[in-house]
Amino acid sequence: MAKPAATATDAPSLEAQAPARELGPVFKAAAGPAKWADDRLGLAALGRKNLRKVFPDHWSFLLGEIALYSFIICLLTGVFLTIWFKPSMAEIEYEGSYQLLKGLHMSEAYSSSLALSFDIRGGLLMRQMHHWAAMLFIAAMLAHSLRVFFTGAFRKPRELNWLLGVGLLAIGLIEGFAGYSLPDDLLSGTGLRFVDGLIRSIPIIGTWAEFFVFNGEFPGDLIIARLYMVHILLVPAIILGLIAAHLALVFYHKHTQYPGPGRTEENVVGYPLYPVYMAKAGGFFFIVFGVVTLMGGLMQINPVWTFGPYNPAEVTAGSQPDWYMGFVEGAIRIMPNWESHIGGTTWSWNVAIPGLGLMGLMFGLMAAYPFIERWVTGDTGEHHILDRPRNNPTRTAFGVAAMTCYGMFWIGGGNDIVATQFRVSLNAVTYFLRVAVFVAPVLAFIITKRICIGLQRADAERLLHGAETGIIVRGPSGSYGERHVPISADEAFTLTQHVEPLPLTDGSEEEYAGVPAKEARSERLRRKATRFYFQDNLRKPSRAELEAAAHHQALEAGHGGHGDGHGDGQAPRHGHEDNGHDGHGNGNGHHAIGSSESESSTH
Amino acid sequence: MRFLSSRRRHPAAKVMLLVAALFVMGALYSVVAPASQSSADTGTSQQIAEGRALFAVGCASCHGLNGEGNGTVGGSVLGPSLIGVGAASVDFQVGTGRMPMARPGAQAPQKPNQYSEEEIAALAAYVASLGPGPEIPKPEEYDPASVSEEDIARGGELFRTNCSACHNFAGAGGALPNGKYAPALYGVSNKHLYEAMLTGPQQMPVFSDGVLTPDDKRAVIGYLNELHEQPNQGGLTLGGIGPVSEGLWAFIIGLGSLVGFAIWIAAKGAKAR
């Protein structure tokens, strides 16, 4: 941070050149068939427009691509697995080559999973790649959704695409769970039993729902075949459809971009799809494929042969779902054992609340959030420039609080592993988490908000005082101060381009003779919500302050050094005495908001 | 026989007769009295005495001077009675370093054993002398070398049915309530595995010979040995504790490296302002 941050000025300034008209031999040879195809498909016109589509460049825009590519790897490896997997619960005697299970009775599904692991060339690699890619698919979706959330990319016009994404995440969980259950080993059977409990905890109709899903009592003899259909046909088809819609909307809306000089709500600054992003995205696909292959080859996952065949009478320590169901598992593990009996029916609050309730709450909140924020801000404009997370501290704090809550439930899902690995009491972990799931998010909210406001303050500091140079200057009076240099106009633009929503005060202007005007309750609530959201934000420096700062800095540069003229030795960091920027006099009457904050940032 | 009559008045005759009578008595006694018991008794009682001395130093502060236990205070056992726990129990607890405990706690952790073979045998003999209990198994009882492949597969079923609920599918251990735990079974000797099943140390239930026959116990031991000798099919086991560590590594290695590549890709090549 010592020097002004480099804004991307290293872009090659390309001279527009007329391309050479001479076609190479390959193109000449391809021209005939290409024309034949184009006459019938008309793809050239479509391609001409869409191949030149411009995309902005940022690593965080590739998180969604990781999810997409992982899904493609799942499809490819999944095709391989379906060739040998037998989705049948018929009981057979194992005759394969894994000695430790030889002669045991097991389902055909488990036997064929073992065959895939031991007797089919490349089968274990494919199984492990499939599983790792599935874990990555959902992990990347989650990371992608966090990026979208923290940058405010879900705002108009992208609310519907956000909903599609939430749907993809939810359906991804179902897909992953169905796949986890297929091998019919002890672990996957235990997971099925868990879901059986979830289904049964549905009030009133739970038992019937269970009988419907399992075709009778658990485990029945059909569930594997049914889950197989869900896993390889129904849900992948839905996922593919949702992905297509999701990507089509990305194309239609055009990609969002981070703020910067030259970037507006009306343009997209970047490079065209062809050839730049074709190469980058195509290359990234192979990188993802390579990483998944290495993981599948070097890291053991789901060693079904050690679990043994499923037997409802058995359970093993360390029975956990894959990570994406861990939060539900954790919620159920830390839930007190509440149950009530009303008129011959059993209400299993201990399973229904943490299981069904928590999943509903998580996806419900995710789906509702864009609309909640829109209601608070009253913002009807389109947004294609992303927010820097610090510039919306309350949203960022909500996101971190939700992540913290999720993390606490996650720990709960592995409470036995935490207990054994860190040598603490299982009960202590559980009791701690019962409190922490409520307290930790609140703490995270407060801390995150303070960090965001602190970062806003650091931005203001850079704007008003310039960037630190790391050069300490000793003044004539013996004082020390650090020399600052003004930041570039580009950086100053980036730091100040965001729109500041203002908190709404109470409707006092409508008050008459001490009687408040009647106001809709929702409107009062909204005023409160805006204060909650925006009251603590640090206002960006006003034009007058920036000009004064620029003048001061120019003066300083004229002096040939910082420190002389200010050298009263009071300010170890800086030596400024100007109190010019408290008040943020934007003339909008909300001036009290930031002033107490900015006092402390004044020297 | 002339010398008997001719020397019968010899001054030494009376003494000789006395000596001869003593020999006869001694010989008669040695025939009548059970010779083996008497000789063994001296050895065992010496061992028990040694064990008793060791017990007074290392064990009595919790288990009482005569192994009678220290009772319970407020629901926590200060030191259980050792009457009737048997030699196998002592051999397991002391042989694996669990006893004597370094400090009171929910459970005695395994630690390096401080006693020699002879000292453990002496302690075991002393505790066995307090009351009848399971004896230390002989090598042919716990050695799984004779177990057939079919029995090893059967041992796997027995393990999954009776053991894996606490000790994990791979014998990696697991958590129990209130700071107690089922330890990992890696590197535990066959003898100690057998004794643990026989005596049910700490939180573990007793799998008596009526529940798991000696053949069953050997099958379980054979399965565990075979399981832990298996090569790691599929690569690094990531701790062998199931999906929790898999998820952790999916995020750290998988997503972590891919984000690293994404940063590299976004920073490379054509760059827009």
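Tabulated data for the structure shown
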{"read-out": "Top-ranked residue in segment A:118-135 [being farther than 14 Å from residue A:299 by Cα and within 38 Å of the chain's Cα centre (by Cα); ranked as surrounded by the most Cβ atoms within 10 Å (Cβ to Cβ)]", "value": "A:134"}
{"read-out": "Checklist (1) in a loop (DSSP other than H, G, I, E, B); (2) acidic (Asp, Glu); (3) facing another protein chain (nearest Cβ under 10 Å) applied to residue B:209, failing item", "value": "(3)"}
{"read-out": "Residues satisfying the stated conditions in segment B:129-161, i.e. surrounded by 13 or more Cβ atoms within 10 Å (Cβ to Cβ) and among the hydrophobic types (A, V, I, L, M, F, W, C)", "value": "B:130, B:136, B:147, B:152, B:153, B:158, B:159"}
{"read-out": "Matching residues, segment A:43-80, being more than 9 Å from chain B (Cβ to nearest Cβ) and among the aliphatic types (A, V, I, L, M)", "value": "A:43, A:44, A:45, A:46, A:51, A:67, A:68, A:72, A:73, A:75, A:76, A:79"}
{"read-out": "Subset of segment A:362-395 [small (Gly, Ala, Ser), in contact with a helix residue (DSSP H, G or I) (Cβ under 8 Å, 6 or more places away or on another chain) and modelled with pLDDT of 95 or more]", "value": "A:367"}
{"read-out": "Pairs, first assigned to a helix (DSSP H, G or I) in segment A:298-310, second aromatic (Phe, Trp, Tyr) and buried (at least 24 other Cβ atoms within 10 Å of the Cβ), C-beta under 8 Å, six or more apart", "value": "A:304/A:110; A:306/B:169; A:307/B:169"}
{"read-out": "Residue within segment B:245-266 that is within 7 Å of chain A (Cβ to nearest Cβ), closer than 17 Å to residue A:305 by Cα and in contact (Cβ under 8 Å) with a residue 24 or more places away in the chain present", "value": "no"}
{"read-out": "Given (1) more than 30 Å from residue A:413 (Cα to Cα); (2) crowded, with 18+ Cβ neighbours inside 10 Å; (3) within 22 Å of the chain's Cα centre (by Cα), number of the condition residue A:441 does not satisfy", "value": "(1)"}
{"read-out": "Subset of segment B:193-215 (residues that are out of contact with any Pro (no Cβ under 6 Å at 6 or more places or on another chain) and within 13 Å of residue B:141 (Cβ to Cβ))", "value": "B:193, B:195, B:197, B:209, B:212, B:213, B:214, B:215"}
{"read-out": "Single match in A:83, A:120, A:92 (criterion: in contact with an Asp or Glu (Cβ under 7 Å, 6 or more places away or on another chain), more than 12 Å from chain B (Cβ to nearest Cβ) and β-branched (Val, Ile, Thr))", "value": "A:92"}
{"read-out": "Residue among B:170, B:175 that alone is in contact (Cβ under 8 Å) with a residue 40 or more places away in the chain and facing another protein chain (nearest Cβ under 7 Å)", "value": "B:170"}
{"read-out": "Residue identified as touching a helix residue (DSSP H, G or I) at 6+ places or on another chain (Cβ under 6 Å) and part of a helix (DSSP H, G or I) among A:29, A:44", "value": "A:44"}
{"read-out": "Helices (runs of 4 or more DSSP H) completely within segment B:103-169 that count 3 or more residues being among the small types (Gly, Ala, Ser), within 17 Å of residue B:223 (Cβ to Cβ) and modelled with pLDDT of 90 or more", "value": "B:149-162"}
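Yes/no per residue for (1) crowded, with 17+ Cβ neighbours inside 10 Å; (2) among the acidic types (Asp, Glu):
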position	(1), (2)
B:63	yes, no
B:113	no, no
B:118	no, yes
B:126	yes, no
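The values are calculated or read from the model by the stated rules, or taken from the named source; none is laboratory data. Just so it is clear, the structure is predicted and the values come from calculations on it, not from any experiment. Every residue, glycine as well, gets a Cβ built from its backbone with ideal geometry; the counts of neighbours run over all protein chains shown.
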